[in-house]
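Here is the structure we will look at.
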Amino acid sequence: MWRDIVWLMLSTLKRTFRKRSSWLLFFGLPIAGILVSTVLYGGSGQSVLRVGIVNQDSGQRIAADTVQMVQGLKNIKLVQMSENELRSELAASNLDTGIILGSGYSQSIRGGNPDHITIQSVKGATVTAYIKAMLNQYIDNISSISRIAGTDSGKFDQLYGAFQSKEFKLTVSTVQDTSSTKRMSYQSIGFLIMFMMTSAVNLSELILINRENRTYFRILSSPISSKTYVLSNILVNLCVMLSQIVIALFFLKYVFKLSTGMSMGPMLFVLGLFSLTSVGISLVVVAFSKNSASAGALQNFIVTPSCLLSGCFIPLEIMPSAVRRIADFLPQNWVLESFEKLQTGGALSSIWFNLLLLVAFAALFFLIASYKFGRNNDTRNFV
C-alpha cells in the first residue's frame with residue numbers, strides 16, 4: 001500500500017510541477033504576499049509632527065517657557081509665526097497643528113485657572129492628541145504651583161524656578177519600535193493562509209480532473225484502491241503546503257528581515273496544523289463539485305470571502321462587531337488570533353484552545369468530505 005502511495009505522490013508531483021506556472025502559483029505568490037505587506041505597512045513608522053506656534057503673550061516668562069517646552073519635545077518641528085501665517089499654513093497643509101498662546105495666558109496660569117490657549121488643526125485628534133497631552137501635563141504642574149503659592153509671588157518664583165531647573169536626573173533609554181514590522185509579518189501570514197487554501201483546493205481538484213479525463217478509473221482498474229488514491233492526494237497536499245510554509249517563513253525572517261515577535265517553532269506548528277484544516281476544506285469543495293469548473297467557482301465563493309472576514313487582508317479590529325462575530329466561526333481567524341497571542345509573548349500552552357479548535361475544524365471537514373465521497377458514486381458526471 002505504501003509503495004503505491006509513494007508512486008502516486010511522485011507521479012502527481014512530477015505532473016504538477018512540470019509547468020513553470022505551478023512553481024509561481026505555489027511558491028511565488030506567498031513571497032509576493034510578503035512584498036505586498038511590506039509595501040502596505042512599510043511607511044507606517046514614526047514621523048515628525050510639524051507644529052506652528054503663535055505667542056501673543058510676549059514678554060511673559062511662563063509663555064516663553066511653554067514655547068521652549070514644546071520645542072524640546074521629540075519628533076516635533078516647531079515654527080514660531082503670526083496668527084495669519086498660522087491659518088494660511090494650516091490651510092495649505094504645510095503644518096499638522098497650530099498652538100495660539102493668547103494675551104493673558106501667563107496670567108491665567110498664575111491665577112491657577114489656565115486659559116487663553118488654543119490648538120488648531122485640520123487633521124483632527126489624530127495629530128493633536130500628543131500635543132494636548134504634553135501641554136496639559138505641563139500647564140497642570142504650573143497651575144498646581146500657583147495654587148500652592150497663592151498670592152505670595154516670592155514663593156511662586158521659588159517653586160517655579162525649582163520646577164524649571166529640573167534638578168532631578170532622568171535616564172532615557174531608546175528601544176526599537178517593532179510594531180510596524182510585527183504588523184507586516186502578521187499580514188504576511190494572512191496572505192500565506194489564503195494561498196495555502198488556494199493551493200490545497202487546486203491540488204485536490206486533480207481528483208476531479210483525473211475523473212474527467214478517465215485517469216482516475218484507469219488507476220482504480222489496477223490493484224490501487226480509491227482510498228489509497230485519495231490518501232496520496234492528501235499527502236501531496238500536505239507536502240506542498242509544508243514547503244510553502246518553510247519557504248515563506250524563510251523569506252519573511254532572513255530575506256525581508258521582518259520581526260515576527262516569536263520563534264519559528266510555534267509558527268511552523270500552528271501553520272502546519274492549519275494545513276490539515278486547509279486540506280479538509282479542499283476535499284469538501286471537491287466532494288460537493290460535479291466537475292473542475294464548479295470546484296473553481298466554489299473555491300472563489302469560499303476561500304476569498306472567508307479570508308476577508310477573518311482579517312487576512314485587513315485588521316479585524318476595524319471591522320464591525322457583526323463581522324467579528326462571524327469570524328469566530330472561521331478557522332483562519334483562530335490562526336491569526338494565535339499569532340497575536342504569540343507575538344505578545346504567549347507560549348503554545350496559552351493557545352491550547354485555538355489549537356484544539358483547528359483540530360476540530362480539520363476533523364469536521366474530513367468527516368463531511370468522507371461522507372460525501374461515500375455517497376457520490378455517479379460516474380456519469382465525468383463522462
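The values are calculated or read from the model by the stated rules, or taken from the named source; none is laboratory data. Bear in mind the structure is a predicted one, so any value in this text is a computation, not a measurement. Methodologically, a virtual Cβ is constructed for each residue, glycine included, from the backbone with ideal geometry; neighbour enumeration extends over all protein chains shown. These area figures cover heavy atoms from the full protein model, side chains too; ligands, DNA and RNA do not enter into them. Shrake-Rupley method; radii C 1.70, N 1.55, O 1.52, S 1.80 Å.
Scanning the range 162-207 for residues that are modelled with pLDDT of 65 or more and loosely packed, with under 10 Cβ neighbours inside 10 Å yields a single hit, Ser165.
Exactly one residue among Ser289, Ser263 is in the same structural domain as Leu35 (by TED's automatic domain parsing), small (Gly, Ala, Ser) and open to solvent by less than 50 Å² (accessible area, probe 1.4 Å), and that residue is Ser289. The residues of the range 362-383 that are modelled with pLDDT of 90 or more and exposed (fewer than 13 other Cβ atoms within 10 Å of the Cβ) amount to a single one, Leu367. Screening the candidates Ser37, Ser121 for the property of being at pLDDT below 85 and in the same structural domain as Ile189 (by TED's automatic domain parsing) yields one hit, Ser37. Taking the range 337-361 as the range and being closer than 14 Å to Pro266 by Cβ and either of a type in the set (D, E, K, R) or open to solvent by less than 50 Å² (accessible area, probe 1.4 Å) (or both) as the test, the residues that pass are Glu337, Ser338, Phe339, Glu340, Lys341, Leu342, Gln343, Gly346, Ile351, Asn354, Leu355, Leu358. Taking Ile314, is it open to solvent by 10 Å² or more (accessible area, probe 1.4 Å), outside any helix (DSSP H, G or I) and under 21 Å from Gly33 (Cα atoms)? Taking the combined requirement at face value, the residue satisfies it.
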